[in-house]
Amino acid sequence: MKNIMKNIFKLFVLSGLFLTYSCSTDLEEILRGEITTDINIEGVSTGGGGGGTDALGGAFSQLQWSGTANHGNYYSLQGLTSDELLIAAKGGDWYDGGILIDLHDHTWTPTNGFLNNTWNGTYGGINACNEGLATDLDKNQKAQLRVLRSLFYYRLLDLFGRVKIVTTPGADAAQATRQQVYDFVESELLATLGISAVSASMDLSNSDLGLETNAYRVNRFAAMGLLSKLYLNAEVYTGTAKYTEAAQAAGYVIDSGVYQLCGAGCKVPNLGRRPAVKSDPKDLEGYAAVFAPNNEGNKEHIWSVMYDEVTNGGMNFAMMGLHYSSQFTWNFDSQPWNGYATLEEFYNSYESGDLRKANNFIVGPQLDFGGSAILDYASDDGDPILNYTPKINELAPNSYREAGARPGKFSFKQFGRGDMDNDYPLVRLGELYLVRAEGLARAGSDWSLSLPDLNVIRARAGVSTMSSVTADEFLAERGREMFQEATRRQDLIRFDKWGAAWWEKPVSQAYRKLFPIPFDAIQASGGSLTQNTGY
């Protein structure tokens, strides 16, 4: 049962797009790969969705459908191009014209449909913010929309670099440089916070943003958290480091004491529990509770996207990653698509006993609700029992159907639908500990400065504290904590690992740190958009 906060934001009218997309999950198994291409969300209604029923609901609903937690958009670009996630071709299933292999191999072109979907969806969110800002809103509401718009521009800055800064509904603008886009995002966040710069002694009393802890809206802490993430990547975006500012911004939120890490005693009932399977815990506690289907109101969430299986769809992780037969483990009303899996090396980067490893991945023989073995009736490895193996035999053309540990961080519930209930954190306290840790280490040119905050995160994960740490070890630890939260691509670029070879991926060119401007966007621009270097 949803708590009262989520009930307040229920919607009673579903957009036609939601109905169309939801029905697509009922297709037969043979079509699973086919439904994943060319999902175009341009033109999503701005009146309703996951943002609630207040004056800001339409704009905030754009987070729900602009690729935050579904296939073919922002989430896919950040994860499938990194060393944490892939979609292997299983015969004719999930080949999709080779575009998924291109993402893994870093051989994408400007015509890749995921680029176009992300571009359109993100500008759809910006347009909704611009429309809202053109109406009669109070100062707080306008400040929230400016922060939301900044998040969308932050995504464009990170992915494409050189984009148009449009601030008026229906208007056009010249293509800005990456520096100009960065400057715009920074200035908007500082303005809404009521400060000219981040410092150790900053005073936010003049901010138009409030202090209310509603994670479905923006308060001062959410804006400051987003600013800390911007500053953490500032050197990549502009060539000028802002690591001290990143640490100070993250520290402001941490030291406020408003939010707490979800650790021992922070728990929710395990809605995915099978009574006949003794290994299924009654409750999900600590890290696992942060991402559970009933995670609304979690004390670690600073800003999150509200998802609900009935009224606020768009989170499809169960469908995206699980084998078709896993429908019988959780009694889903739809058959999963058997797509996303985790690279073996990434899975193996976790220590035994790391609570995050047990939570983040689904491995081994699979059991149904009654505790019986689940079968793969078209098994291609000689064993009919469904057994998720960390090892993947090949990326293409014939990856085994059950190969690869499956993402399970955002856990599943019994009798779930194609869309999930789990809220998706955009800014959470655990990440800000890592932002402050890295900011301090980089600003001081000493990775040992990261240890106090790093060990707070490791303690929550049930692993031993570290007495020393290198840059590579920090990157690995950040990966273990932030798996499936759309940060891995950024992290690999910031740590200069993006162009390296990993499983079935060759060394890639430096220009691929940015994606190309989508072909369709350039064609529609009438010459006002030009392509990024290298493409």
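The values are calculated or read from the model by the stated rules, or taken from the named source; none is laboratory data. Since we're looking at a predicted model, the values are computed, not measured. Please note: Cβ atoms are built from the backbone with ideal geometry, for glycine as well, and neighbour counts cover all protein chains shown.
Can residue 398 be described as surrounded by fewer than 22 Cβ atoms within 10 Å (Cβ to Cβ) and either in contact with an Asp or Glu (Cβ under 9 Å, 6 or more places away or on another chain) or farther than 24 Å from residue 291 by Cβ (or both)?
Judged against the criteria, residue 398 is a match.
If we only count helices (runs of 4 or more DSSP H) wholly inside the range 261-369, which ones have 2 or more residues that are touching a Phe, Trp or Tyr at 6+ places or on another chain (Cβ under 8 Å) and over 29 Å from residue 221 (Cβ atoms)?
The helices (runs of 4 or more DSSP H) meeting that bar are 317-321, 327-330, 344-348.
Which ones in the range 336-357 are surrounded by fewer than 22 Cβ atoms within 10 Å (Cβ to Cβ) and touching a Gly at 6+ places or on another chain (Cβ under 9 Å)?
Scanning the range 336-357 gives 344, 347, 349, 353, 354, 355.
May I ask you to say which residue of 458, 478, 442 is touching a Ser or Thr at 6+ places or on another chain (Cβ under 7 Å), of a type outside the set (A, V, I, L, M, F, W, C) and buried (at least 18 other Cβ atoms within 10 Å of the Cβ)?
Within the list 458, 478, 442, the selection yields 458.
Considering only residues that are assigned to a loop (DSSP other than H, G, I, E, B) and of a type in the set (Ser, Thr, Tyr), look in the range 207-231 and name the one that is surrounded by the fewest Cβ atoms within 10 Å (Cβ to Cβ).
Filtering first and then ranking leaves 213.
Could you please tell me which pairs satisfy a Cβ distance under 7 Å, a separation of 6+ or placement on different chains, a first residue in the range 139-157 that is under 14 Å from residue 58 (Cβ atoms) and in contact (Cβ under 8 Å) with a residue 12 or more places away in the chain, and a second residue that is part of a helix (DSSP H, G or I) and among the aromatic types (Phe, Trp, Tyr)?
148/60
Among what's in the range 92-136 and is polar (S, T, N, Q) and in a loop (DSSP other than H, G, I, E, B), pick the residue that is nearest to residue 59 (Cα to Cα).
By that ranking, first place goes to 135.
Out of the range 411-453, which residues are in contact with a Pro (Cβ under 8 Å, 6 or more places away or on another chain), within 30 Å of residue 334 (Cα to Cα) and not polar (S, T, N, Q)?
Once the filter is applied, which keeps residues that are in contact with a Pro (Cβ under 8 Å, 6 or more places away or on another chain), within 30 Å of residue 334 (Cα to Cα) and not polar (S, T, N, Q), the range 411-453 yields 412, 413, 416, 420, 421.
Matching residues to (1) more than 26 Å from residue 347 (Cβ to Cβ); (2) β-branched (Val, Ile, Thr); (3) not in a loop (DSSP other than H, G, I, E, B):
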{"position": "492", "(1), (2), (3)": "no, no, yes"}
{"position": "498", "(1), (2), (3)": "no, no, no"}
{"position": "511", "(1), (2), (3)": "yes, no, yes"}
{"position": "531", "(1), (2), (3)": "yes, no, no"}
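Which of the following residues is assigned to a helix (DSSP H, G or I) and farther than 25 Å from residue 441 by Cβ: 180, 248?
So the residue among 180, 248 that is assigned to a helix (DSSP H, G or I) and farther than 25 Å from residue 441 by Cβ is 180.
When you check residue 83 against the structure, is it within 19 Å of residue 399 (Cα to Cα), of a type in the set (D, E, K, R), in a loop (DSSP other than H, G, I, E, B) and modelled with pLDDT of 85 or more, yes or no?
Answer is yes for this residue.
Do you know which residues across the range 382-399 are in a strand (DSSP E or B) and either in contact (Cβ under 8 Å) with a residue 40 or more places away in the chain or touching a Lys or Arg at 6+ places or on another chain (Cβ under 7 Å) (or both)?
Across the range 382-399, the qualifying residues are 388, 398.
Any residue in the range 400-411 that is touching a residue at least 60 places away in the same chain (Cβ under 8 Å), out of contact with any Phe, Trp or Tyr (no Cβ under 9 Å at 6 or more places or on another chain) and not aromatic (Phe, Trp, Tyr)?
Scanning the range 400-411, I find no residue that is touching a residue at least 60 places away in the same chain (Cβ under 8 Å), out of contact with any Phe, Trp or Tyr (no Cβ under 9 Å at 6 or more places or on another chain) and not aromatic (Phe, Trp, Tyr), so the answer is no.
Would you tally the residues in the range 370-381 being under 20 Å from residue 405 (Cβ atoms) and not in a strand (DSSP E or B)?
5
Among the listed residues 438, 481, 485, 477, identify the single one that is in a loop (DSSP other than H, G, I, E, B) and either in contact with a helix residue (DSSP H, G or I) (Cβ under 8 Å, 6 or more places away or on another chain) or over 30 Å from residue 108 (Cβ atoms) (or both).
485
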